[in-house]
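Where a number appears in this text, it was derived from the coordinates with a stated rule and is not lab data. This one's a predicted model, so the numbers in the text were calculated from it and none came from an experiment.
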Amino acid sequence: MTTGAQTPTHPARRSRLRTFLPLGVAAWLVLEIWLLILVAGATNGFVVFLILLAGLVAGAAVIKKAGRRAFRNLNEALNKGTSPTSGGGSGLMMLGGLLLMIPGLISDAAGLLLLIPPVQKALGRFAERTVERRLRAAVPGSVGGAFQQARMYRPDGKVVQGEVVRDEPGGDTPQDPRPPLTR
């Protein structure tokens, strides 16, 4: 059975993100554990436990507050009949809360940094510029390639809609049972 998707002629290359992300996560985890061991050595294990618990509670409270703000903004926009404006930093606040909930001192510091409004605005502008730049650089139809396997295309590029109908001699006569697909 063919899907209509063309087989790639060049070997697939791993992106830099797929290559270095596991290394970065592993380095981050080792650094987090090392810092927690240093803090536990300087104080005691109970203090480390309290720090981690405080981060968990604070992160949950931040996520709850940001979620309520985003839901309230959505309701107000729907009641006015307008489209919702930007989340007002709700997404970055939720990310900050999530980072607070992740055990570790580096993630807590990054989460607290994301809760500062000027940092949220600067990071939001940077993300917006990055997305706009990538959308301008994208080739038209490049996203559609992801769905190419789900459709059959004619040589002129038009989608052929239809269904498979078997036209076999004998029409309605019972056929032999099909063999099982597995061995």
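A few remarks follow.
- Put simply, the C-alpha atoms of segment 20-128 give a gyration tensor, and the ellipsoid matching it has half-axes of 33, 16, 10 Å, longest first.
- Sequentially through segment 26-42, phi angles give Karplus couplings (6.51, -1.76, 1.60; θ = phi - 60°) of 5, 5, 4, 5, 5, 5, 4, 5, 4, 5, 5, 5, 4, 5, 5, x, 6 Hz, Gly and Pro residues having no value and appearing as x.
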